[in-house]
Amino acid sequence: MRRLLTSGDVNSHPECNAFHIQRHQEIAMTTTELPLHRRSTAPALGPDSLTWHRFGDWRTALLISWSGTLQVMHPVIDAALVQHSTVFDNELARLARSAGPIIRALYDPTGAEARTIRDMHKDIKGTTDDGRRYHALNPGPYFLAHATFLGTQYVVADYFGEPLTTAEKEQLYQESKQWYALYGVSATHLPETYADFVDYWNEMVGTVLEKTETVRRSRLLSGLPMPRPDDRIPGVVWRLVGPALGRLLVWIARGTLPPVARDKLGWEWSAADERRLRRFGAAVRIGFRILPERWRLTPIARRACDGTASGSRGARVG
């Protein structure tokens with residue numbers, strides 16, 4: 001099976017890609033929210049799932065700029081941020097505020113957290129610069145954002161964790177559909193298998209994502225000084241660690257982005273850069289092997305696993 005998130009094989013399934021582009025255009029003004037009687041009845045994920053352990057791993061935080069960059073390269077997400085958000089006031093604070101609810105949604109079997117996230121997007125709509133109307137619950141951008149959360153697990157495994165088997169890649173993708181169902185939105189447009197998801201992903205990166213106004217205005221991606229993401233962080237501490245943290249997150253994003261996305265942004269990445277990133281990743285991997293499994297997890301994930309009778313024995317983690 002082809003490796004996810006590369007620039008290769010973008011046009012390997014032209015009939016699938018053509019369908020995706022046509023579907024992306026057709027749903028420009030649709031929303032994905034479903035009435036109660038049409039929502040998925042699939043069981044929520046639990047501690048025996050691979051996703052609970054992979055996405056709840058602290059190492060996913062290393063990819064926060066990766067997922068954020070790919071999301072804001074979508075023209076609809078870009079328009080919504082420019083027109084409706086205060087993201088440019090404090091980008092790191094916005095990333096941190098967004099990450100918490102997303103993580104909580106995964107570990108809330110009732111779906112209440114996920115539906116809260118969905119409902120926050122109900123009134124976000126407008127017109128893009130080229131005159132196309134949009135809604136934040138359009139299936140295209142809404143699933144793309146979710147796809148980046150799935151994608152972090154593949155990239156973390158590739159660079160900072162233990163490699164995934166072919167079966168585990170498929171398992172993570174199938175579990176991502178159960179996770180997505182918690183939002184109470186339509187899933188009829190989703191790729192069926194991991195292989196289909198790879199085709200979808202490569203087509204989105206290759207033909208839909210672009211260098212947007214949000215990317216151009218981003219202080220974080222431009223390497224400019226950033227305000228504290230939280231006032232509880234002492235100013236003197238932030239002045240010492242903030243710039244280095246910002247550079248690290250963007251450097252990781254630069255190196256792990258799909259090459260075609262990196263080219264669109266005009267970012268350079270050499271073979272020497274790749275070797276340095278791989279060495280850094282190996283150090284992270286070795287360090288996490290030393291940690292007991294439960295301490296590899298964020299507090300939200302750890303509490304969820306601790307609070308279930310079956311524990312965390314059902315999933316292989318890296």
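The numbers here are math on the coordinates, done by the rules we state, and not lab data. What you are looking at is a predicted structure, and each value in this text was computed from that prediction instead of being measured. For neighbour counting, all protein chains shown are included, and Cβ atoms are generated from backbone atoms with ideal geometry for every residue, glycine included.
So here's what we get for this one:
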read-out: Stretch gain in nm, segment residue 166-residue 248, where the contour uses 0.36 nm per residue and the Cα spacing is subtracted; value: 26.5 nm
read-out: Kirkwood-type radius of the stretch 14-304, with distances r between different C-alpha atoms, in Å; value: 19.9 Å
read-out: Ordering of 113-125, 134-146 by packing [mean C-beta count within 10 Å, highest first]; value: 134-146, 113-125
read-out: Relative contact order of the stretch 14-304, defined on C-alpha pairs under 8 angstrom at six or more residues apart (%); value: 32 percent
read-out: Residue-span extension gain [residue 178 to residue 270] - 0.36 nm each, minus C-alpha spacing; value: 29.3 nm
read-out: Relative contact order of the stretch 181-307, pairs being alpha-carbon contacts under 8 Å that are 6 or more residues apart, as %; value: 19 percent
read-out: Charge-dipole axis of the stretch 245-310 as Lys and Arg at +1 and Asp and Glu at -1 on Cβ define it, positive-most pick from 245, 284, 266; value: 284
read-out: In Hz, Karplus ³J(HN,Hα) per residue of the stretch 148-153 (6.51, -1.76, 1.60; θ = phi - 60°; x = Gly, Pro); value: 5, 5, 4, x, 4, 5
read-out: Over the stretch 84-199: Rg over Rh, Cα atoms, Kirkwood Rh; value: 0.99
read-out: Burial order of peptide ranges 100-107, 70-77, 293-300 (average beta-carbon count within 10 Å, highest first); value: 70-77, 100-107, 293-300
